[in-house]
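Mind having a look at this structure? Questions to follow.
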Amino acid sequence: RMNMMISYQELVRTFPKQTSLAITNSNKQERYLINAWIENANGQKEKTFAVTPPLFVSEPDSENTLRIIYAGPALPADRESLFYMNVKAIPSVNKAKTENNNVLQLAILSRIKLFVRPNNLAMQPEEALSQLRFERVGSHLKISNASPYYITLVNLKLGGQTLDNIMIAPKNSAQQALPAGAGGTLSWQSVNDYGAITPARSVNL
């Protein structure tokens, strides 16, 4: 049984501080090899950050802390940047018990959003939602985000029909296909810095 817990599903890091990530092994017997690295939005390994330690053994019933340190060139100062923290946990194998037996070994890979937030942005995070604009473009819903923050929308419903969750980059827009016949009032919620769901909002399309 694999009992690995990572403390955050999303990390928000503000310059110039580093941030950390707690990894807990609640299994009383199993050891895990932990490998951690950061990728950019295109899935490529990113050298902008240093993760320490990048490789270590998590002992049974223990907690370890990964440090994430910015070590690269300047990022945009007028908006958030997005990276992904990857943590792979590989269970140890008892060779004595598995000798001459077929063994299925599973590794857990957790991928966590890492938002890098410059200081002194033009507005506060809670003001960002007022910068969203929604419009119907043919058979698609277009959502424009004029704020400097990434915004993740959840529980979207248009005329009672459920739409996919969507994340809109700062000062950018995103589209998604609408179900046939969908129309009327669009309701939605968002995810804040603490992972909580904000109160529902609505707009007529």
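Out of the residues in region 44-56 that are surrounded by 13 or more Cβ atoms within 10 Å (Cβ to Cβ) and touching a residue at least 24 places away in the same chain (Cβ under 8 Å), which is nearest to V93 (Cα to Cα)?
Top of the filtered list is V51.
Something else now. I'm trying to understand the selection: among the residues of region 181-193, which are aliphatic (A, V, I, L, M) and in contact (Cβ under 8 Å) with a residue 40 or more places away in the chain? Before you say what the answer is, go through the steps one by one.
Filtering region 181-193 for residues aliphatic (A, V, I, L, M) gives 182, 186, 191.
Listed by number, the residues that qualify are L186, V191.
Scan region 132-145 and report the pairs whose first residue is closer than 12 Å to A177 by Cα and surrounded by 14 or more Cβ atoms within 10 Å (Cβ to Cβ) and whose second residue is at pLDDT 95 or above and among the hydroxyl-bearing types (S, T, Y), with Cβ atoms within less than 9 Å and a gap of 6+ or a chain change.
Close Cβ pairs (under 9 Å, with a partner that is at pLDDT 95 or above and among the hydroxyl-bearing types (S, T, Y)) amount to K142/S173; I143/S173.
Report whether or not P170 is modelled with pLDDT of 90 or more, outside any strand (DSSP E or B) and within 22 Å of F115 (Cα to Cα).
Numbers: modelled with pLDDT of 90 or more: yes; outside any strand (DSSP E or B): yes; within 22 Å of F115 (Cα to Cα): yes.
Taking the combined requirement at face value, the residue satisfies it.
Sort through L75, L66, L55, L82 and tell me the only one that's under 26 Å from N145 (Cα atoms), at pLDDT 90 or above and among the hydrophobic types (A, V, I, L, M, F, W, C). Walk me through how you get there before you give the answer.
Details: L75 fails: at pLDDT 90 or above; L66 fails: under 26 Å from N145 (Cα atoms); L55 fails: under 26 Å from N145 (Cα atoms).
Going through L75, L66, L55, L82 in turn, the sole match is L82.
Residue-by-condition table, conditions (1) out of contact with any helix residue (DSSP H, G or I) (no Cβ under 6 Å at 6 or more places or on another chain); (2) modelled with pLDDT of 95 or more; (3) not in a loop (DSSP other than H, G, I, E, B):
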site: D164; (1), (2), (3): yes, yes, no
site: A174; (1), (2), (3): yes, yes, yes
site: A180; (1), (2), (3): yes, no, no
site: S187; (1), (2), (3): yes, yes, yes
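Among the listed residues S92, S187, S147, S173, identify the single one that is more than 30 Å from L66 (Cα to Cα) and more than 20 Å from the chain's Cα centre (by Cα). Step through it out loud before you land on a result.
On the way: S92 fails: more than 30 Å from L66 (Cα to Cα); S147 fails: more than 20 Å from the chain's Cα centre (by Cα); S173 fails: more than 20 Å from the chain's Cα centre (by Cα).
After applying the criteria, what remains is S187.
Right, another one. Taking region 179-200 only, how many residues are surrounded by 11 or more Cβ atoms within 10 Å (Cβ to Cβ) and under 15 Å from L163 (Cα atoms)?
Quick first cut of region 179-200, residues surrounded by 11 or more Cβ atoms within 10 Å (Cβ to Cβ) only: 179, 182-193, 197-198, 200.
Add one more test, that the residue is under 15 Å from L163 (Cα atoms), and what stays is 179, 182-190, 200.
Of the residues in region 179-200, 11 are surrounded by 11 or more Cβ atoms within 10 Å (Cβ to Cβ) and under 15 Å from L163 (Cα atoms).
The values are calculated or read from the model by the stated rules, or taken from the named source; none is laboratory data. Keep in mind that what you see is a predicted model, and the values were worked out from it rather than measured. FYI the Cβ positions are ideal-geometry reconstructions off the backbone, even for glycines, and counts take in every protein chain you see.
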